[in-house]
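The values are calculated or read from the model by the stated rules, or taken from the named source; none is laboratory data. Keep in mind the model is a prediction, meaning the values are calculated, not measured. Quick reminder, even Gly has a Cβ in these numbers, built from the backbone with ideal geometry, and neighbours come from all protein chains shown.
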Amino acid sequence: MSSIKLSIIGAGSAIFSLRLVGDFCNTKGLSGSLVSLMDIDEKRLNSVYILATRYADALGANLKFEKTTDMRRSIENADFVINTALVGGHEQLDAIREVGEKYGYKRGIDSQEFNMVSDYYTLSNYNQLKYFLDIAHSMEEICPNAWLLQAANPVFEGTTLISRHSEIKVIGFCHGHYGVDTLIKSLGLDKKEVDWQVAGFNHNIWLTRFLYKGKDAYPLIDRWIEEEARKWKPKDPFDDQMSPAAIDMYKFYGRMPIGDSVRNGSWKYHYNLEVKKKWYGEPWGGADSDLGWAWYRENYLKELTDKSFKLASDKSINLLKEFPPDAKSGEQHIQFIDALVNGNQARFVLNILNKGPIILGIPENVVVEVPVIVDQKGIHPEEINPPIPKRIMDMYLAPRMLRMEWAMEAFLSGDKRILQEILVRDPRTKSFEQARTVIDEILNLPFNKEMKKHYENKNKINFRNF
């Protein structure tokens, strides 16, 4: 057994934090560890702290907890840091989106081809990207040997940014690959008999290998499409793994998109609400429509926040009933830590630098999302076999990678013209004046003072020096 210190930045996301705490409590090899909960929202932080301590006590787990609103204090002596913070919360994202829509950019300027996920901001998210670097550089000073587990979006841009401009060991985490489980269940297969592999970028992964009992299982998908696809209806806006959009992308690219990749297709699936409903189903048109995102805000974010406050204030509620102790959360973070610390080897899908390269045709300084084996000796990427088809590489991953590089160049250089030029290439832009005006208004939002200074001040910070 090995005790560690884990710092959770942005711990006010109560349900996510409790999932991690539950996994921690059930990992005997990490008994005696300290969990530092950090958030700037004291009300949320206090709720999470109360819930975490009560839950650990109910399980009889040997864990210690502390709480703080100071990120630097939280990471002192940390062995692992999980960053799940969203700077400014969804309120800031909503304000930026509203400005974009005012000037004709439905769902905001950050909704770009191959990156349609509604809170995966890459162009206007200066505050978030700057905080990513703040955490990484603080870790270099305070806990240089710790691992940074990057869970906050945008994972692709964020993990690549940190990898290039910090010496900290950073890994990106996402659970989109569990779309494979949905596919397996839809086909009625025994998961134990399935051999699968995914590869690509975060929110842009593809089912490269799919075998059932040693044989190619893609014909089983074809049969499902022929016999069952017309019966498909979404249970909620996020239920899209077997949607018409996923099937259409498979037919064009030759492999199944997995998880959030289904949401990140071309404009073909996203022109307007009517089109979204065609590809992602009635009544919402997927998660990234006005209707779908309103559902998410009301039935997920608000509901979970209200639930966390209720659980924290009502001691009569049985937390073990709400969060069964023998149920795994589905998050990979604690199992990853256990594998590294205690050698309990396990397979994960992680975002890591493309060293090797792991995916041929992608630069080694770009972060890719691939299956890996983790043990005490480190992280061992699997060979991607068979390789990603050329059409996916050329027509999907290459343009997505370029959008990442454009966003990074804008952020690092502080050159406002890059943001304008990106929008000039957006089909929603009808004039340069439209692109220039929307960028200026976003920079003038009250919470973007530092961003405005960075993009308009000749003495701006040059992040390349970091």
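Residues in region 148-204 that are charged (D, E, K, R), in a loop (DSSP other than H, G, I, E, B) and either closer than 24 Å to Lys5 by Cα or under 10 Å from the mean Cα position of the chain (by Cα) (or both): Glu167 only. Among the residues making up region 280-338, those that are within 27 Å of Phe24 (Cα to Cα), in a helix (DSSP H, G or I) and among the charged types (D, E, K, R) are Lys302, Glu303, Asp306, Lys307, Lys310, Lys321, Glu322, Asp338.
For region 1-29, filtered to residues that are in a strand (DSSP E or B), among the hydrophobic types (A, V, I, L, M, F, W, C) and within 19 Å of the chain's Cα centre (by Cα), the residue that is surrounded by the most Cβ atoms within 10 Å (Cβ to Cβ) is Ile8. When residues in region 342-374 are screened for being surrounded by 16 or more Cβ atoms within 10 Å (Cβ to Cβ), touching a helix residue (DSSP H, G or I) at 6+ places or on another chain (Cβ under 7 Å) and in contact (Cβ under 8 Å) with a residue 40 or more places away in the chain, 6 of them pass.
Residues that are under 30 Å from Asp338 (Cβ atoms), out of contact with any Ser or Thr (no Cβ under 8 Å at 6 or more places or on another chain) and assigned to a loop (DSSP other than H, G, I, E, B) are absent from region 430-442.
Every residue in region 42-83 that is over 28 Å from Glu140 (Cβ atoms), out of contact with any helix residue (DSSP H, G or I) (no Cβ under 8 Å at 6 or more places or on another chain), assigned to a helix (DSSP H, G or I) and not charged (D, E, K, R), please. The one that is over 28 Å from Glu140 (Cβ atoms), out of contact with any helix residue (DSSP H, G or I) (no Cβ under 8 Å at 6 or more places or on another chain), assigned to a helix (DSSP H, G or I) and not charged (D, E, K, R): Thr53. Per the listing Ser31, Ser7, the residue uniquely closer than 16 Å to Ala146 by Cβ and modelled with pLDDT of 90 or more is Ser7. Only a single criterion out of (1) in a loop (DSSP other than H, G, I, E, B); (2) in contact with an Asp or Glu (Cβ under 9 Å, 6 or more places away or on another chain) is not satisfied by Gly32, namely (2). In region 456-466, the condition of being surrounded by 15 or more Cβ atoms within 10 Å (Cβ to Cβ) and modelled with pLDDT of 95 or more is met by no residue. Within region 277-292, the residues that satisfy the criterion of being surrounded by 21 or more Cβ atoms within 10 Å (Cβ to Cβ) and either of a type in the set (A, V, I, L, M, F, W, C) or within 20 Å of the chain's Cα centre (by Cα) (or both) are Trp279, Trp284, Gly286, Ala287, Asp288, Ser289, Gly292.
For the residues Asp79, Asp110, Asp39, the requirement of being under 23 Å from the mean Cα position of the chain (by Cα), more than 30 Å from Lys416 (Cβ to Cβ), among the acidic types (Asp, Glu) and crowded, with 22+ Cβ neighbours inside 10 Å singles out Asp39. The selection criterion, being surrounded by 15 or more Cβ atoms within 10 Å (Cβ to Cβ), touching a strand residue (DSSP E or B) at 6+ places or on another chain (Cβ under 6 Å) and touching a residue at least 12 places away in the same chain (Cβ under 8 Å), holds for Val194.
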